[in-house]
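Chemist: Structure below; questions to follow.
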Amino acid sequence: MEILKTKSLSIGYNDKAIVSNINVSLNEGDIIALVGPNGAGKSTLFKTFSTHIKPVSGLIELFGKNLNQYDNKNRAKMLGIVLTERPDDIFLKVSDVVAAGRAPYTNMFGKLNDIDEHEIKVSLELVGANNLIDRIFNTLSDGEKQKVMIAKAIAQNTPIIMLDEPTAFLDYPSKIELFSLLKKLAKEQRKAILFSSHDLELLLRFTDYVWIMAKNQTFMAGKSNELLKNGILKEYFNLKDEDNDFLLTKNM
Amino acid sequence: MKNRKIIIGIAGIILFGIMLFILNLFVGSVTISFKEIFKVLLKYNTDKTLNIIIFDYRLPQALTALLAGAALAVAGLLMQTLFRNPLADPSMLGISSGASLGVGIVILLTGAISGAAVSSFGWWSTIGVSLAAFIGAIVVLLVMLAFSSRIKNMTTLIIIGLMIAYLASSITDILKFFSLKEDIHAFVIWGMGSFSGVGNSKMPVFAISIAIGLFASLFLAKNLNIMLLGEMYAENLGLNIKRNSVIIILISGYLTAIVTAYCGPIAFVGLAMPHIARFLFKSSDHRLLIPVTMLIGMNMALFCNLIARLPGLDGNLPINAVTAFIGAPVVISVIMKRKK
């Protein structure tokens, strides 16, 4: 089922487009990687989707309705984000940070009911961090903080989760663990997962589609293995022949 | 921190506050014994002088300190969370400077125009000063609200607040340059801050105004907690950043404006108390922090008032001297301990 769709979307700041004419859709159960060099506009696209900035032109539709027609609260129930930077210096319990994900559902005092408490517990279990529930967020490692922020996004109970470079601070085993978790969320929870990453080899293994944003303001979307097979990834990443062959043999 | 520990902590602060409040009633240039205080409080005493000292001076002064302390401390907490800056306090909005400018205009211009010092206008001058401070503070507050409804970036907002503060105090300085000596003296005295200006006659208005602001702040806890995660996350969780900052600035600025109008610009309570609250309870959870910061602010103001009135000092030390003298070392030690 189609969740989000863009129609000739141009993104950028102050009416100056960084990338133009983006026509893509996000479907239930999709896991999609957004790749491209730094400065190509990956974060700008996330900020546009999360309505932090306005599109320069074009349209974003969420369940067939223009994204800017959603009020704050209803939008918050549709799209959860996980940022590269972790919030720092907060003396909140992990359970309280994850509880923030319930904000769109709770009353003005943030009172949690049984459903909220349940969602918080289940979210932490999903990311494998239920042992951290009573820890102070500030005392966690980078990887643990990352898991908690993902749990927050899961508790937010949105059909879409977007993650900006979620593997940036992680070691190799944690990267694999994270990618498996994202895949699980897409396949088992039927969420649409969009994340940016530079880990080409891993993301080819775990994703269905890749969106490419290149320095020369072009945007391209396609099935991961097809993009690899017809040499488009090779071209955009300036891959050496042997690296490309390596990826081909691993992913075909 | 466990719930039981929190309750014990809060009970301890309240007990300490009650003790400070009682001490405030019997410490001063005239020392009154415990026994006599209770006699006066329970209306068994017929000594007119004692009754006047306690009911007309010390009790309203202690109540003023209590309310002003709570208000400034909460105003500081709101600013620190809104601006994500541990050094933020209500003065960053330029509110105290606006109040000073208002008072400056009234005190200093009256002299220049009428040729007579403001103090010669007697009772009118005290009302005039409070009113001028309040109008000055509210004007700056409205300017800041106008900016905050347009600007999403908190750093930009801090800079604008600081610039307005500088602007207001420079105009005040220019006014001072053209003023009578007696008036400048009156202005300097106002600037030192005092909890004795409210008294019984103005207490109902002062107390109700402060209570409204404090009550309103309790409704902010959920949004303030979300804001701890950062602007982007808060926005993604459904928070309207601009509207939220307008509400927070409104409540914080309103509390500051009232206190400054009645007590003068009191420094340091707003900056220091939230740090002590966070340190004591090891928490950033505003559902806990807001009430606890209020209580600690009350205690600190009562304590400072007590110090300012110690026997032998004969009259009142300026409150501002005492708040900084006590507050600064406390903040340094709290921050050093936290770094470990």
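Laboratory data are not the source of any read-out in this text; all were calculated from the coordinates shown. No experiment lies behind these values; they were computed from the predicted model shown. All Cβ positions, glycine included, derive from the backbone under ideal geometry; neighbour counts span all protein chains shown.
Chemist: Among A:Ile3, A:Ile154, B:Ile247, rank each residue by its count of other Cβ atoms within 10 Å, from fewest to most, as a rough exposure measure. Numbers along the way, then the final one.
Modeler: On the way: A:Ile3 22, A:Ile154 26, B:Ile247 19.
Ascending Cβ contact count within 10 Å gives the list B:Ile247, A:Ile3, A:Ile154.
Chemist: What's the whole-number percent of alpha carbon pairs in the range B:162-256 lying beyond 20 angstrom? The partial results should precede the final answer.
Modeler: Working: 2756 of 4465 pairs.
Considering the range B:162-256, 62 percent of its Cα-Cα pairs are separated by more than 20 Å.
Chemist: From the backbone phi of the range B:279-294, what are the Karplus-calculated ³J(HN,Hα) couplings (6.51 cos²θ - 1.76 cosθ + 1.60, θ = phi - 60°) in whole Hz, Gly and Pro given as x?
Modeler: So the J values, rounded to whole Hz, are 5, 5, 9, 6, 8, 10, 6, 5, 4, 8, 4, 4, x, 5, 4, 4.
Chemist: Can you run phi through the Karplus equation (6.51, -1.76, 1.60; θ = phi - 60°) for the range A:88-105 and list ³J(HN,Hα) in whole Hz, with x for Gly and Pro?
Modeler: 10, 6, 10, 8, 10, 5, 3, 4, 6, 5, 5, 4, 4, x, 8, 3, x, 9
Chemist: Then there's this: Placing one identical point scatterer on every Cα of chain B and ignoring solvent, what is log10 I(q)/I(0) from the Debye formula at q = 0.08, 0.09, 0.13 Å⁻¹?
Modeler: Each listed q maps to, in turn, -0.39, -0.50, -1.00.
Chemist: Over the whole of A:91-99, what's the average partner chain Cβ count within 10 Å per residue? Rounded to a whole number, please.
Modeler: 4
Chemist: While we're on this one: Rounding to the nearest 20 debye, state how big the charge dipole of the protein assembly as shown is about its Cα centre with +1 on each Lys and Arg Cβ and -1 on each Asp and Glu Cβ.
Modeler: On the way: 57 positive and 43 negative charges, 177 e Å.
Roughly 840 debye, rounded to the nearest 20.
Chemist: Could you sort out which of A:Lys7/A:Lys54; A:Lys145/A:Lys223; A:Lys7/A:Lys223 sit more than 21 Å apart by Cα distance in this structure? Intermediate results must be reported in sequence, preceding the final value.
Modeler: Values: A:Lys7/A:Lys54 14 Å; A:Lys145/A:Lys223 31 Å; A:Lys7/A:Lys223 19 Å.
With Cα atoms farther than 21 Å apart: A:Lys145/A:Lys223.
Chemist: Cα-Cα pairs above 21 Å in the range B:1-75: how many percent? If you can, show how the numbers build up before the last one.
Modeler: On the way: 1105 of 2775 pairs.
Beyond 21 Å sits 40 percent of the P(r) for the range B:1-75.
Chemist: Follow-up. Using the crude model of +1 on Lys and Arg Cβ and -1 on Asp and Glu Cβ, and no other charge, please compute the dipole size for the range A:1-116 relative to its Cα centre, in debye to 20. Could the numbers behind the result be given before it?
Modeler: On the way: 14 positive and 12 negative charges, 60 e Å.
Dipole of the range A:1-116, to the nearest 20 debye: 300 debye.
Chemist: Another question, if that's okay. Kindly list the residues of the range A:1-42 that lie in the label zone of A:Asn66, defined by a backbone N under 17 Å from the point 7 Å along the Cα-to-C-beta vector.
Modeler: A:5-11
Chemist: Now, a different point. What FRET efficiency comes out for A:Asn113 versus B:Asn51 if R0 is 45 angstrom and r is the Cβ-Cβ distance? Round to the nearest 0.05. Could you put the intermediate results ahead of the total?
Modeler: Working: r = 54 Å, r/R0 = 1.20.
E between A:Asn113 and B:Asn51, to the nearest 0.05, is 0.25.
Chemist: Quick one: helix A:172-188 against the long Cα principal axis of chain A, what's the angle to the nearest 10°, folded into 0 to 90?
Modeler: Around 80 degrees separate the two axes.
Chemist: So, one more: Any lysines with Cα under 16 Å of the B:Lys43 Cα? List them, leaving off those in the same chain fewer than 8 positions away.
Modeler: Cross-link targets: B:Lys35.
Chemist: Sequence neighbours fewer than 8 away in the same chain don't count; with that in mind, list the aspartates and glutamates whose C-alpha is under 13 Å from A:Lys215.
Modeler: A:Glu235
Chemist: From the P(r) of the protein assembly as shown, can you give the percent of Cα pairs sitting at distances over 42 Å?
Modeler: Here the tail beyond 42 Å accounts for 36 percent of pairs.
Chemist: Could you tell me which residue out of B:Pro329, B:Ala301, B:Asn236 lies farthest along the dipole of chain B toward its positive end? Charges go on the beta carbon: Lys and Arg +1, Asp and Glu -1, centred on the Cα centre.
Modeler: Ranked along the dipole, the leading option is B:Asn236.
Chemist: Using only the Cα atoms of chain A, what semi-axes does the equivalent ellipsoid have when each is the square root of 5 times a gyration tensor eigenvalue? Give whole Å, largest first.
Modeler: Details: eigenvalues 183, 103, 49 Å².
Equivalent ellipsoid of chain A: 30, 23, 16 Å, largest first.
Chemist: List every residue whose amide H lies under 5 Å from the amide H of A:Asn21, counting only residues 5 or more places away in sequence or on a different chain, with H placed 1.01 Å from N in the peptide plane.
Modeler: Those lying under 5 Å, H to H, from A:Asn21 are A:Leu9, A:Ser10.
Chemist: Starting from the Cα gyration tensor of the range B:247-336, take the square roots of the eigenvalues, sort them a ≥ b ≥ c, and report rounded, prolate or oblate (rounded when a/c is under 1.5, otherwise prolate if a/b is larger than b/c, else oblate).
Modeler: Oblate.
Chemist: Still on this model: Going by amide H atoms built from the backbone, whose H comes under 5 Å of the H on A:Asp30, apart from near neighbours?
Modeler: HN-HN under 5 Å from A:Asp30: A:Ile193.
Chemist: List the chymotrypsin sites (Phe, Trp or Tyr not before Pro) within the range B:2-104 that fall in a DSSP loop (any state other than H, G, I, E or B) and whose Cβ has at most 16 other Cβ atoms within 10 Å.
Modeler: Working: sites: B:Phe16, B:Phe21, B:Phe26, B:Phe34, B:Phe38, B:Tyr44, B:Phe55, B:Tyr57, B:Phe83; in loops: B:Tyr44, B:Phe83.
Qualifying residues, ordered by number: B:Tyr44.
Chemist: What percent antiparallel are the DSSP beta bridges of the protein assembly as shown, to the nearest 5?
Modeler: Values: 20 of 36 bridges.
Looking only at bridges with both residues in the protein assembly as shown, the antiparallel portion is about 55 percent.
Chemist: From zero outward in steps of 10 Å, how is the percent of C-alpha pairs of the range A:13-163 spread across the bins?
Modeler: Once binned at 10 Å, the Cα pair distances of the range A:13-163 give 10, 36, 34, 18, 3.
Chemist: Next question, about the same structure. Could you tell me how far the Cα centroid of the range A:118-186 sits from the Cα centroid of the range B:203-270, in Å?
Modeler: Each part reduced to its Cα centre gives a spacing of 33 Å.
Chemist: Please report the spacing between the Cα centers of the range B:1-77 and the range A:57-88 in Å, no decimals.
Modeler: Rounded to whole Å, the Cα centres lie 52 Å apart.
Chemist: Now a separate question. Would you work out the charge dipole size for the range B:35-103 about its Cα centre, treating the Cβ of every Lys and Arg as +1 and the Cβ of every Asp and Glu as -1, and quote it to the nearest 20 debye?
Modeler: On the way: 6 positive and 4 negative charges, 44 e Å.
Roughly 220 debye for the range B:35-103.
Chemist: Between B:Ser333 and B:Leu167, 0.36 nm times their residue separation minus their Cα-Cα distance comes to what? Don't jump to the answer; show the numbers that get you there.
Modeler: On the way: separation 166, 0.36 × 166 = 59.76 nm, distance 3.34 nm.
Length gained between B:Ser333 and B:Leu167: 56.4 nm.
Chemist: With θ set to phi - 60°, apply the Karplus curve 6.51 cos²θ - 1.76 cosθ + 1.60 along the range B:143-158 and write out the HN-Hα couplings as whole Hz, x wherever there is a Gly or Pro.
Modeler: Per residue, the Karplus-derived 3J(HN,Hα) values read 4, 5, 5, 4, 5, 5, 7, 10, 10, 8, 7, 5, 5, 4, 5, 4 Hz.
Chemist: Treating only the Cα positions of the range A:101-198 as identical point scatterers, give the base-10 log of I(q)/I(0) from the Debye formula at each q in 0.15, 0.22 Å⁻¹.
Modeler: Once normalised to I(0) and log-transformed, intensities are -0.61, -1.25.
Chemist: For the Cα atoms of chain A, what angle does the longest principal axis make with the long axis of helix A:114-126, in degrees from 0 to 90, nearest 10?
Modeler: Result, in degrees: 40.
Chemist: Shifting gears a bit: Under 12 Å from the Cβ of A:Leu112, count the other residues' Cβ atoms, weight Lys and Arg +1, Asp and Glu -1, and hand me the total.
Modeler: Values: positive: A:Arg102, A:Lys111, A:Lys121, B:Lys222, B:Arg287; negative: A:Asp96, A:Asp114, A:Asp116, A:Glu117, A:Glu119.
That works out to 0.
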